[in-house]
1. Compute the accessible area of each residue in region B:24-65 twice, once for its chain alone and once with every protein chain present, using a 1.4 Å probe on heavy atoms, and list those whose area falls by at least 10 Å².
2. Under 5 Å between amide H atoms, partner at least 5 residues away or on a different chain: which partners does B:Ala140 have, H built in plane at 1.01 Å?
3. Nm distances between the label at A:Lys20 and the same-position labels in the remaining copies, 7 Å along Cα→Cβ, shortest first?
4. State the percentage of accessible surface on region A:188-249 attributable to carbon and sulfur atoms; use a 1.4 Å probe and exclude ligands, DNA and RNA.
5. What does the charge add up to near B:Met36, with Lys and Arg as +1, Asp and Glu as -1, over the other residues with Cβ less than 13 Å from its Cβ?
6. Let me check I've understood the local charge: for A:Ser56, count other residues with C-beta under 11 angstrom from its C-beta, Lys and Arg +1, Asp and Glu -1. What total comes out?
7. Antiparallel as a % of all DSSP beta bridges within the protein assembly as shown, to the nearest 5?
8. What is the set of long-range amide H partners of A:Ile186 at a cut-off below 5 Å, with H atoms built 1.01 Å from backbone N?
2 protein chains.
Amino acid sequence: MTEEIADPSHPRYQSLMMRKRVSEAGAKGMLAESAMIAHGRGEAFDYLLGEQTTDSALEATREVAARLVRGNKPVLSLNGNAIALAAREFLTIASQLDCPIEINIFYRTPQRMGALLAHLKLLNTNLELDVEILGATPNARIPGLEGPRAACQQEGIMEADVILVPLEDGDRCEALVAMGKEVLVIDLNPLSRSARTGTVTVVDEVTRMAKNLIQLIPQKPEVTDWNNDKGLQDSLDHIAKSISNKFDN
Amino acid sequence: MTEEIADPSHPRYQSLMMRKRVSEAGAKGMLAESAMIAHGRGEAFDYLLGEQTTDSALEATREVAARLVRGNKPVLSLNGNAIALAAREFLTIASQLDCPIEINIFYRTPQRMGALLAHLKLLNTNLELDVEILGATPNARIPGLEGPRAACQQEGIMEADVILVPLEDGDRCEALVAMGKEVLVIDLNPLSRSARTGTVTVVDEVTRMAKNLIQLIPQKPEVTDWNNDKGLQDSLDHIAKSISNKFDN
(Lines give C-alpha, C1' and ligand atoms only; values in the text may rest on other atoms or scores of the structure.)
Protein backbone atom coordinates (compact mmCIF):
# COMPACT_ATOMS: atom_id res chain seq x y z
CA MET A 1 0.00 0.00 0.00
CA THR A 2 3.06 2.22 -0.16
CA GLU A 3 1.69 3.81 -3.31
CA GLU A 4 -0.85 5.72 -1.28
CA ILE A 5 0.87 6.61 1.96
CA ALA A 6 2.79 9.86 1.91
CA ASP A 7 1.34 11.48 5.00
CA PRO A 8 3.90 11.66 7.83
CA SER A 9 1.07 11.82 10.37
CA HIS A 10 0.01 8.27 9.43
CA PRO A 11 0.71 6.14 12.54
CA ARG A 12 2.69 3.62 10.48
CA TYR A 13 4.40 6.18 8.22
CA GLN A 14 7.96 5.14 9.08
CA SER A 15 7.24 1.48 8.48
CA LEU A 16 5.58 2.25 5.16
CA MET A 17 8.51 4.43 4.09
CA MET A 18 10.92 1.57 4.86
CA ARG A 19 8.75 -0.74 2.77
CA LYS A 20 8.98 1.79 -0.07
CA ARG A 21 12.78 1.86 0.17
CA VAL A 22 12.93 -1.91 -0.14
CA SER A 23 10.54 -1.85 -3.12
CA GLU A 24 12.59 0.79 -4.88
CA ALA A 25 15.86 -1.05 -4.24
CA GLY A 26 14.24 -4.19 -5.65
CA ALA A 27 13.25 -2.29 -8.78
CA LYS A 28 16.89 -1.14 -9.14
CA GLY A 29 18.14 -4.75 -9.09
CA MET A 30 19.81 -4.41 -5.68
CA LEU A 31 17.90 -7.26 -4.00
CA ALA A 32 17.32 -10.99 -4.31
CA GLU A 33 13.71 -12.08 -4.56
CA SER A 34 13.82 -13.43 -1.00
CA ALA A 35 14.65 -9.91 0.24
CA MET A 36 11.02 -8.79 0.02
CA ILE A 37 9.83 -11.79 2.00
CA ALA A 38 12.56 -11.20 4.59
CA HIS A 39 11.47 -7.58 4.87
CA GLY A 40 7.88 -8.70 5.47
CA ARG A 41 9.01 -10.99 8.28
CA GLY A 42 10.83 -8.07 9.86
CA GLU A 43 7.75 -5.87 9.54
CA ALA A 44 5.68 -8.38 11.50
CA PHE A 45 8.17 -8.52 14.36
CA ASP A 46 8.50 -4.73 14.39
CA TYR A 47 4.72 -4.43 14.49
CA LEU A 48 4.67 -6.69 17.56
CA LEU A 49 7.42 -4.59 19.15
CA GLY A 50 5.28 -1.48 18.61
CA GLU A 51 7.58 -0.09 15.88
CA GLN A 52 9.76 1.51 18.53
CA THR A 53 13.18 1.00 20.07
CA THR A 54 12.67 -0.86 23.34
CA ASP A 55 14.79 -0.12 26.41
CA SER A 56 16.65 -3.39 26.03
CA ALA A 57 17.33 -2.68 22.33
CA LEU A 58 18.81 0.69 23.24
CA GLU A 59 20.99 -0.97 25.88
CA ALA A 60 22.17 -3.48 23.25
CA THR A 61 22.88 -0.63 20.84
CA ARG A 62 25.05 1.03 23.48
CA GLU A 63 26.96 -2.25 23.86
CA VAL A 64 27.43 -2.45 20.09
CA ALA A 65 28.79 1.11 20.08
CA ALA A 66 31.20 0.20 22.89
CA ARG A 67 32.51 -2.87 21.06
CA LEU A 68 32.85 -1.13 17.71
CA VAL A 69 34.82 1.69 19.37
CA ARG A 70 37.06 -0.81 21.25
CA GLY A 71 37.72 -2.94 18.14
CA ASN A 72 41.13 -2.93 16.52
CA LYS A 73 39.74 -3.66 13.09
CA PRO A 74 35.98 -3.25 12.96
CA VAL A 75 34.06 -3.69 9.72
CA LEU A 76 30.41 -3.17 8.75
CA SER A 77 29.19 -6.12 6.66
CA LEU A 78 26.16 -4.97 4.69
CA ASN A 79 23.71 -6.99 2.62
CA GLY A 80 21.13 -5.72 0.13
CA ASN A 81 18.35 -4.97 2.61
CA ALA A 82 20.69 -3.13 4.97
CA ILE A 83 21.91 -0.95 2.09
CA ALA A 84 18.36 -0.41 0.80
CA LEU A 85 17.17 0.70 4.23
CA ALA A 86 20.04 2.55 5.86
CA ALA A 87 22.97 3.16 3.48
CA ARG A 88 23.38 6.78 4.59
CA GLU A 89 23.44 5.87 8.24
CA PHE A 90 25.97 3.06 7.79
CA LEU A 91 28.25 5.31 5.74
CA THR A 92 28.12 7.83 8.59
CA ILE A 93 28.91 5.11 11.16
CA ALA A 94 31.84 3.78 9.10
CA SER A 95 33.14 7.34 8.85
CA GLN A 96 32.83 7.85 12.63
CA LEU A 97 34.75 4.62 13.25
CA ASP A 98 37.14 5.14 10.34
CA CYS A 99 36.44 1.55 9.25
CA PRO A 100 35.47 -0.03 5.91
CA ILE A 101 32.09 -1.26 4.74
CA GLU A 102 32.11 -4.66 3.06
CA ILE A 103 29.19 -5.55 0.82
CA ASN A 104 28.47 -9.18 1.50
CA ILE A 105 25.34 -10.63 -0.05
CA PHE A 106 23.91 -14.10 0.23
CA TYR A 107 22.83 -14.57 -3.40
CA ARG A 108 25.82 -13.02 -5.12
CA THR A 109 25.45 -12.05 -8.76
CA PRO A 110 27.65 -9.56 -10.62
CA GLN A 111 24.55 -7.45 -11.44
CA ARG A 112 23.40 -7.18 -7.84
CA MET A 113 26.92 -6.48 -6.52
CA GLY A 114 27.32 -3.82 -9.20
CA ALA A 115 24.03 -2.12 -8.31
CA LEU A 116 24.85 -2.11 -4.58
CA LEU A 117 28.40 -0.83 -5.10
CA ALA A 118 27.21 1.94 -7.40
CA HIS A 119 24.54 2.99 -4.89
CA LEU A 120 26.98 3.13 -1.95
CA LYS A 121 29.70 4.91 -3.92
CA LEU A 122 27.29 7.56 -5.15
CA LEU A 123 26.06 8.20 -1.60
CA ASN A 124 29.64 8.26 -0.32
CA THR A 125 30.39 11.06 -2.77
CA ASN A 126 27.13 12.93 -2.16
CA LEU A 127 27.67 12.87 1.60
CA GLU A 128 31.29 14.03 1.05
CA LEU A 129 32.59 11.01 2.94
CA ASP A 130 35.58 8.89 2.12
CA VAL A 131 34.51 5.47 3.41
CA GLU A 132 36.34 2.49 1.93
CA ILE A 133 33.82 0.17 0.21
CA LEU A 134 34.96 -3.47 -0.01
CA GLY A 135 33.33 -6.56 -1.48
CA ALA A 136 33.82 -6.09 -5.21
CA THR A 137 36.86 -8.35 -5.44
CA PRO A 138 36.64 -11.17 -2.88
CA ASN A 139 40.03 -12.76 -2.22
CA ALA A 140 39.31 -14.91 0.86
CA ARG A 141 36.74 -17.42 2.07
CA ILE A 142 34.89 -17.72 5.39
CA PRO A 143 35.71 -21.25 6.63
CA GLY A 144 32.75 -23.63 6.98
CA LEU A 145 30.57 -22.08 4.26
CA GLU A 146 29.97 -23.44 0.76
CA GLY A 147 29.71 -21.56 -2.52
CA PRO A 148 29.59 -17.82 -3.24
CA ARG A 149 28.28 -16.94 0.21
CA ALA A 150 31.70 -17.76 1.67
CA ALA A 151 33.39 -15.08 -0.44
CA CYS A 152 34.85 -12.15 1.46
CA GLN A 153 37.77 -9.77 1.38
CA GLN A 154 41.03 -10.37 3.25
CA GLU A 155 41.47 -6.76 4.38
CA GLY A 156 37.78 -6.57 5.41
CA ILE A 157 35.76 -9.36 7.02
CA MET A 158 38.67 -11.84 7.07
CA GLU A 159 40.96 -9.69 9.23
CA ALA A 160 38.28 -7.91 11.26
CA ASP A 161 38.04 -8.57 14.99
CA VAL A 162 34.58 -6.97 15.32
CA ILE A 163 31.85 -7.21 12.67
CA LEU A 164 28.48 -5.48 12.57
CA VAL A 165 26.05 -7.68 10.63
CA PRO A 166 22.60 -6.22 10.11
CA LEU A 167 20.05 -8.78 8.90
CA GLU A 168 22.60 -11.59 8.55
CA ASP A 169 21.95 -15.16 7.45
CA GLY A 170 22.16 -17.69 10.31
CA ASP A 171 24.80 -19.92 8.72
CA ARG A 172 27.12 -17.04 8.03
CA CYS A 173 26.63 -15.58 11.48
CA GLU A 174 27.62 -18.93 13.02
CA ALA A 175 30.66 -19.20 10.76
CA LEU A 176 31.85 -15.72 11.76
CA VAL A 177 31.44 -16.49 15.46
CA ALA A 178 33.34 -19.77 14.92
CA MET A 179 36.24 -17.70 13.52
CA GLY A 180 36.48 -16.07 16.97
CA LYS A 181 35.16 -12.69 15.93
CA GLU A 182 32.86 -10.48 17.94
CA VAL A 183 29.66 -10.52 15.88
CA LEU A 184 27.22 -7.67 16.46
CA VAL A 185 23.80 -8.55 15.04
CA ILE A 186 20.78 -6.40 14.17
CA ASP A 187 17.69 -8.58 13.76
CA LEU A 188 14.01 -7.97 14.46
CA ASN A 189 13.39 -11.67 15.13
CA PRO A 190 14.73 -12.45 18.62
CA LEU A 191 14.40 -16.18 17.85
CA SER A 192 16.41 -16.25 14.62
CA ARG A 193 19.64 -18.22 14.50
CA SER A 194 21.60 -15.00 13.93
CA ALA A 195 19.96 -13.36 16.93
CA ARG A 196 20.78 -16.35 19.12
CA THR A 197 24.32 -16.78 17.79
CA GLY A 198 25.51 -13.17 17.88
CA THR A 199 27.85 -11.80 20.56
CA VAL A 200 25.52 -8.83 20.98
CA THR A 201 22.11 -8.73 19.28
CA VAL A 202 20.03 -5.61 18.85
CA VAL A 203 16.35 -6.48 18.30
CA ASP A 204 15.38 -3.31 16.48
CA GLU A 205 14.56 -1.99 13.04
CA VAL A 206 17.83 -1.39 11.22
CA THR A 207 17.32 2.32 10.45
CA ARG A 208 16.22 3.22 13.98
CA MET A 209 19.16 1.26 15.37
CA ALA A 210 21.66 2.90 13.00
CA LYS A 211 20.42 6.39 13.95
CA ASN A 212 20.81 5.54 17.63
CA LEU A 213 24.29 4.15 16.99
CA ILE A 214 25.34 7.42 15.36
CA GLN A 215 24.39 9.21 18.61
CA LEU A 216 26.11 6.67 20.87
CA ILE A 217 29.49 6.18 19.14
CA PRO A 218 30.84 9.68 20.04
CA GLN A 219 30.04 8.95 23.71
CA LYS A 220 32.57 6.08 23.58
CA PRO A 221 30.66 3.89 26.06
CA GLU A 222 32.43 1.20 28.11
CA VAL A 223 32.15 -2.49 27.15
CA THR A 224 30.20 -4.51 29.73
CA ASP A 225 29.92 -8.20 30.57
CA TRP A 226 27.07 -8.66 28.09
CA ASN A 227 24.35 -11.32 28.60
CA ASN A 228 22.86 -11.69 25.13
CA ASP A 229 20.18 -14.20 26.14
CA LYS A 230 18.81 -11.68 28.61
CA GLY A 231 18.42 -9.05 25.90
CA LEU A 232 16.64 -11.53 23.63
CA GLN A 233 14.25 -12.63 26.37
CA ASP A 234 13.56 -8.98 27.24
CA SER A 235 12.47 -8.43 23.62
CA LEU A 236 10.24 -11.49 23.70
CA ASP A 237 8.77 -10.38 27.02
CA HIS A 238 8.04 -6.97 25.50
CA ILE A 239 6.08 -8.67 22.69
CA ALA A 240 4.30 -11.04 25.08
CA LYS A 241 3.22 -8.15 27.27
CA SER A 242 1.98 -6.11 24.31
CA ILE A 243 -0.29 -8.93 23.07
CA SER A 244 -1.81 -9.96 26.39
CA ASN A 245 -5.38 -8.86 27.11
CA LYS A 246 -5.76 -7.14 23.73
CA PHE A 247 -9.36 -8.27 23.44
CA ASP A 248 -12.07 -8.17 26.09
CA ASN A 249 -14.02 -11.39 25.88
CA MET B 1 16.65 -20.01 0.72
CA THR B 2 13.95 -21.92 -1.15
CA GLU B 3 16.47 -22.74 -3.86
CA GLU B 4 18.16 -25.23 -1.58
CA ILE B 5 15.42 -26.80 0.46
CA ALA B 6 13.78 -29.85 -1.11
CA ASP B 7 14.09 -32.23 1.81
CA PRO B 8 10.66 -32.98 3.36
CA SER B 9 12.35 -33.89 6.65
CA HIS B 10 13.50 -30.26 7.06
CA PRO B 11 11.61 -28.93 10.12
CA ARG B 12 10.40 -25.91 8.15
CA TYR B 13 9.78 -27.76 4.87
CA GLN B 14 6.10 -26.79 4.58
CA SER B 15 6.81 -23.14 5.22
CA LEU B 16 9.62 -23.16 2.66
CA MET B 17 7.39 -24.86 0.09
CA MET B 18 4.74 -22.16 0.59
CA ARG B 19 7.43 -19.51 0.07
CA LYS B 20 8.38 -21.26 -3.17
CA ARG B 21 4.77 -21.22 -4.39
CA VAL B 22 4.56 -17.47 -3.79
CA SER B 23 7.88 -16.92 -5.60
CA GLU B 24 6.76 -18.94 -8.58
CA ALA B 25 3.41 -17.16 -8.76
CA GLY B 26 5.27 -13.85 -8.65
CA ALA B 27 7.44 -14.97 -11.58
CA LYS B 28 4.26 -15.82 -13.53
CA GLY B 29 2.90 -12.29 -13.05
CA MET B 30 0.12 -13.36 -10.70
CA LEU B 31 1.12 -11.11 -7.79
CA ALA B 32 1.58 -7.45 -6.91
CA GLU B 33 4.97 -6.48 -5.52
CA SER B 34 3.49 -6.07 -2.06
CA ALA B 35 2.45 -9.74 -2.11
CA MET B 36 5.95 -10.95 -1.25
CA ILE B 37 6.16 -8.58 1.71
CA ALA B 38 2.70 -9.67 2.87
CA HIS B 39 3.78 -13.29 2.63
CA GLY B 40 6.83 -12.53 4.77
CA ARG B 41 4.63 -10.94 7.43
CA GLY B 42 2.51 -14.07 7.45
CA GLU B 43 5.61 -16.27 7.76
CA ALA B 44 6.67 -14.42 10.90
CA PHE B 45 3.30 -14.87 12.59
CA ASP B 46 3.16 -18.53 11.56
CA TYR B 47 6.65 -19.01 12.96
CA LEU B 48 5.45 -17.59 16.28
CA LEU B 49 2.41 -19.89 16.18
CA GLY B 50 4.74 -22.87 15.74
CA GLU B 51 3.70 -23.43 12.09
CA GLN B 52 0.76 -25.53 13.25
CA THR B 53 -3.01 -25.26 13.50
CA THR B 54 -3.84 -24.29 17.07
CA ASP B 55 -6.91 -25.66 18.86
CA SER B 56 -8.65 -22.30 18.63
CA ALA B 57 -7.87 -22.05 14.88
CA LEU B 58 -9.42 -25.48 14.32
CA GLU B 59 -12.50 -24.40 16.28
CA ALA B 60 -12.75 -21.27 14.12
CA THR B 61 -12.36 -23.40 10.97
CA ARG B 62 -15.28 -25.56 12.13
CA GLU B 63 -17.36 -22.39 12.58
CA VAL B 64 -16.39 -21.23 9.07
CA ALA B 65 -17.48 -24.63 7.68
CA ALA B 66 -20.82 -24.32 9.52
CA ARG B 67 -21.49 -20.84 8.16
CA LEU B 68 -20.48 -21.68 4.60
CA VAL B 69 -22.78 -24.73 4.67
CA ARG B 70 -25.66 -22.68 6.13
CA GLY B 71 -25.24 -19.80 3.63
CA ASN B 72 -27.81 -19.26 0.90
CA LYS B 73 -25.27 -17.76 -1.47
CA PRO B 74 -21.72 -18.32 -0.29
CA VAL B 75 -18.75 -17.17 -2.36
CA LEU B 76 -14.99 -17.62 -2.01
CA SER B 77 -13.24 -14.29 -2.69
CA LEU B 78 -9.64 -15.08 -3.62
CA ASN B 79 -6.70 -12.72 -4.08
CA GLY B 80 -3.32 -13.46 -5.68
CA ASN B 81 -1.63 -14.92 -2.60
CA ALA B 82 -4.58 -17.19 -1.80
CA ILE B 83 -4.54 -18.52 -5.37
CA ALA B 84 -0.75 -18.91 -5.35
CA LEU B 85 -0.86 -20.87 -2.10
CA ALA B 86 -4.03 -22.94 -2.17
CA ALA B 87 -5.83 -22.80 -5.53
CA ARG B 88 -6.45 -26.56 -5.57
CA GLU B 89 -7.90 -26.56 -2.09
CA PHE B 90 -10.22 -23.61 -2.75
CA LEU B 91 -11.47 -25.18 -5.98
CA THR B 92 -12.28 -28.33 -4.00
CA ILE B 93 -14.09 -26.29 -1.33
CA ALA B 94 -16.11 -24.37 -3.94
CA SER B 95 -17.05 -27.69 -5.53
CA GLN B 96 -18.13 -29.12 -2.15
CA LEU B 97 -20.30 -26.06 -1.51
CA ASP B 98 -21.42 -25.72 -5.15
CA CYS B 99 -20.54 -22.02 -4.97
CA PRO B 100 -18.48 -19.71 -7.20
CA ILE B 101 -14.97 -18.39 -6.69
CA GLU B 102 -14.53 -14.69 -7.36
CA ILE B 103 -11.04 -13.42 -8.07
CA ASN B 104 -10.80 -10.10 -6.29
CA ILE B 105 -7.41 -8.46 -6.17
CA PHE B 106 -6.36 -5.23 -4.53
CA TYR B 107 -4.04 -3.94 -7.26
CA ARG B 108 -6.10 -4.88 -10.29
CA THR B 109 -4.35 -4.94 -13.66
CA PRO B 110 -5.58 -6.81 -16.75
CA GLN B 111 -2.31 -8.77 -16.86
CA ARG B 112 -2.55 -9.97 -13.28
CA MET B 113 -6.26 -10.81 -13.57
CA GLY B 114 -5.52 -12.73 -16.77
CA ALA B 115 -2.71 -14.74 -15.18
CA LEU B 116 -4.85 -15.63 -12.14
CA LEU B 117 -7.89 -16.56 -14.24
CA ALA B 118 -5.80 -18.75 -16.54
CA HIS B 119 -4.20 -20.49 -13.56
CA LEU B 120 -7.54 -21.24 -11.86
CA LYS B 121 -9.25 -22.35 -15.07
CA LEU B 122 -6.43 -24.73 -15.94
CA LEU B 123 -6.55 -26.28 -12.46
CA ASN B 124 -10.36 -26.47 -12.65
CA THR B 125 -10.00 -28.56 -15.82
CA ASN B 126 -7.10 -30.66 -14.52
CA LEU B 127 -9.00 -31.51 -11.35
CA GLU B 128 -12.08 -32.33 -13.47
CA LEU B 129 -14.15 -29.81 -11.51
CA ASP B 130 -16.72 -27.41 -12.85
CA VAL B 131 -16.39 -24.47 -10.45
CA GLU B 132 -17.69 -21.12 -11.71
CA ILE B 133 -14.84 -18.57 -11.74
CA LEU B 134 -15.99 -14.96 -11.47
CA GLY B 135 -14.09 -11.68 -11.41
CA ALA B 136 -13.13 -11.18 -15.04
CA THR B 137 -15.98 -8.81 -15.83
CA PRO B 138 -16.86 -6.71 -12.77
CA ASN B 139 -20.33 -5.17 -13.03
CA ALA B 140 -20.90 -3.91 -9.48
CA ARG B 141 -19.09 -1.89 -6.81
CA ILE B 142 -18.63 -2.50 -3.10
CA PRO B 143 -20.02 0.65 -1.40
CA GLY B 144 -17.53 2.72 0.57
CA LEU B 145 -14.43 1.81 -1.43
CA GLU B 146 -12.64 3.95 -4.00
CA GLY B 147 -11.09 2.94 -7.30
CA PRO B 148 -10.52 -0.51 -8.83
CA ARG B 149 -10.54 -2.27 -5.47
CA ALA B 150 -14.31 -1.69 -5.23
CA ALA B 151 -14.94 -3.68 -8.40
CA CYS B 152 -16.85 -6.93 -7.97
CA GLN B 153 -19.41 -9.07 -9.70
CA GLN B 154 -23.16 -8.79 -9.08
CA GLU B 155 -23.80 -12.54 -9.13
CA GLY B 156 -20.76 -13.15 -6.90
CA ILE B 157 -19.62 -10.96 -4.02
CA MET B 158 -22.45 -8.42 -4.44
CA GLU B 159 -25.27 -10.93 -3.88
CA ALA B 160 -23.45 -13.27 -1.51
CA ASP B 161 -24.65 -13.57 2.08
CA VAL B 162 -21.49 -15.36 3.27
CA ILE B 163 -17.98 -14.60 1.96
CA LEU B 164 -14.74 -16.40 2.69
CA VAL B 165 -11.87 -13.92 2.40
CA PRO B 166 -8.40 -15.38 2.86
CA LEU B 167 -5.72 -12.70 3.36
CA GLU B 168 -8.09 -9.77 2.79
CA ASP B 169 -7.25 -6.09 2.94
CA GLY B 170 -8.62 -4.32 6.03
CA ASP B 171 -10.61 -1.65 4.17
CA ARG B 172 -12.35 -4.17 1.99
CA CYS B 173 -13.10 -6.45 4.90
CA GLU B 174 -14.76 -3.55 6.74
CA ALA B 175 -16.75 -2.57 3.64
CA LEU B 176 -18.07 -6.15 3.24
CA VAL B 177 -19.08 -6.32 6.90
CA ALA B 178 -20.80 -2.92 6.51
CA MET B 179 -22.88 -4.45 3.68
CA GLY B 180 -24.31 -6.85 6.27
CA LYS B 181 -22.52 -9.94 4.99
CA GLU B 182 -21.02 -12.69 7.12
CA VAL B 183 -17.29 -12.28 6.46
CA LEU B 184 -15.10 -15.31 7.19
CA VAL B 185 -11.44 -14.27 7.42
CA ILE B 186 -8.23 -16.28 7.22
CA ASP B 187 -5.31 -14.21 8.53
CA LEU B 188 -2.13 -15.15 10.38
CA ASN B 189 -1.99 -11.76 12.11
CA PRO B 190 -4.56 -11.78 14.94
CA LEU B 191 -4.15 -8.01 15.29
CA SER B 192 -4.83 -7.04 11.66
CA ARG B 193 -7.88 -4.97 10.85
CA SER B 194 -9.32 -7.85 8.81
CA ALA B 195 -8.83 -10.26 11.70
CA ARG B 196 -10.55 -7.86 14.10
CA THR B 197 -13.37 -6.96 11.71
CA GLY B 198 -14.34 -10.42 10.44
CA THR B 199 -17.42 -12.29 11.64
CA VAL B 200 -15.26 -15.38 12.15
CA THR B 201 -11.47 -15.21 11.87
CA VAL B 202 -9.22 -18.23 11.49
CA VAL B 203 -5.66 -17.42 12.58
CA ASP B 204 -3.93 -20.10 10.53
CA GLU B 205 -1.82 -20.58 7.43
CA VAL B 206 -4.16 -20.55 4.43
CA THR B 207 -3.22 -23.96 3.03
CA ARG B 208 -3.47 -25.76 6.37
CA MET B 209 -6.81 -24.06 7.01
CA ALA B 210 -8.17 -24.95 3.56
CA LYS B 211 -7.19 -28.62 4.01
CA ASN B 212 -8.97 -28.69 7.37
CA LEU B 213 -12.01 -27.01 5.85
CA ILE B 214 -12.24 -29.74 3.19
CA GLN B 215 -12.46 -32.31 6.00
CA LEU B 216 -15.02 -30.34 8.01
CA ILE B 217 -17.53 -29.26 5.34
CA PRO B 218 -18.94 -32.79 4.77
CA GLN B 219 -19.59 -33.03 8.54
CA LYS B 220 -22.06 -30.11 8.21
CA PRO B 221 -21.29 -28.70 11.66
CA GLU B 222 -23.82 -26.50 13.50
CA VAL B 223 -23.40 -22.72 13.66
CA THR B 224 -22.65 -21.49 17.20
CA ASP B 225 -22.88 -18.13 18.96
CA TRP B 226 -19.33 -17.20 17.91
CA ASN B 227 -17.13 -14.90 20.02
CA ASN B 228 -14.47 -13.75 17.55
CA ASP B 229 -12.49 -11.70 20.08
CA LYS B 230 -12.02 -14.81 22.19
CA GLY B 231 -10.51 -16.71 19.25
CA LEU B 232 -8.15 -13.84 18.48
CA GLN B 233 -7.00 -13.55 22.10
CA ASP B 234 -6.49 -17.34 22.24
CA SER B 235 -4.13 -17.03 19.26
CA LEU B 236 -2.22 -14.19 20.91
CA ASP B 237 -2.05 -16.15 24.16
CA HIS B 238 -0.64 -19.12 22.23
CA ILE B 239 2.13 -16.88 20.86
CA ALA B 240 2.79 -15.26 24.24
CA LYS B 241 3.12 -18.65 25.88
CA SER B 242 5.46 -19.95 23.18
CA ILE B 243 7.88 -17.02 23.60
CA SER B 244 8.04 -16.92 27.39
CA ASN B 245 11.12 -18.33 29.10
CA LYS B 246 12.80 -19.18 25.79
CA PHE B 247 16.21 -18.18 27.14
CA ASP B 248 17.74 -19.04 30.49
CA ASN B 249 19.46 -15.96 31.80
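The values are calculated or read from the model by the stated rules, or taken from the named source; none is laboratory data. This is a predicted model, so every value here is computed, not measured. Counting neighbours? That spans all protein chains shown, and the Cβs are built from the backbone with ideal geometry, glycine included. Surface areas here come from the heavy atoms of the whole protein model, side chains and all, with no ligands, DNA or RNA. Shrake-Rupley method; radii C 1.70, N 1.55, O 1.52, S 1.80 Å.
1. Residues of region B:24-65 that lose at least 10 Å² of accessible area once the other chains are added: B:Glu33, B:Ser34, B:Met36, B:Ile37, B:Gly40, B:Arg41, B:Glu43, B:Ala44, B:Phe45, B:Tyr47, B:Leu48.
2. B:Cys152, B:Gln154
3. 3.7
4. Percent of accessible area from carbon and sulfur atoms in region A:188-249: 44.
5. Numbers: positive: A:Arg19, A:Arg41, B:Arg19, B:Lys20, B:Arg21, B:Arg41; negative: A:Glu33, A:Glu43, B:Glu24, B:Glu33, B:Glu43.
In short, +1.
6. Details: positive: A:Arg62, A:Lys230; negative: A:Asp55, A:Glu59, A:Glu63, A:Asp204, A:Asp234, A:Asp237.
Around A:Ser56, the charge tally is -4.
7. Values: 4 of 36 bridges.
Counting only bridges with both partners in the protein assembly as shown, antiparallel ones make up about 10 percent.
8. Here A:Val165, A:Leu167, A:Glu168, A:Val202 satisfy the definition.
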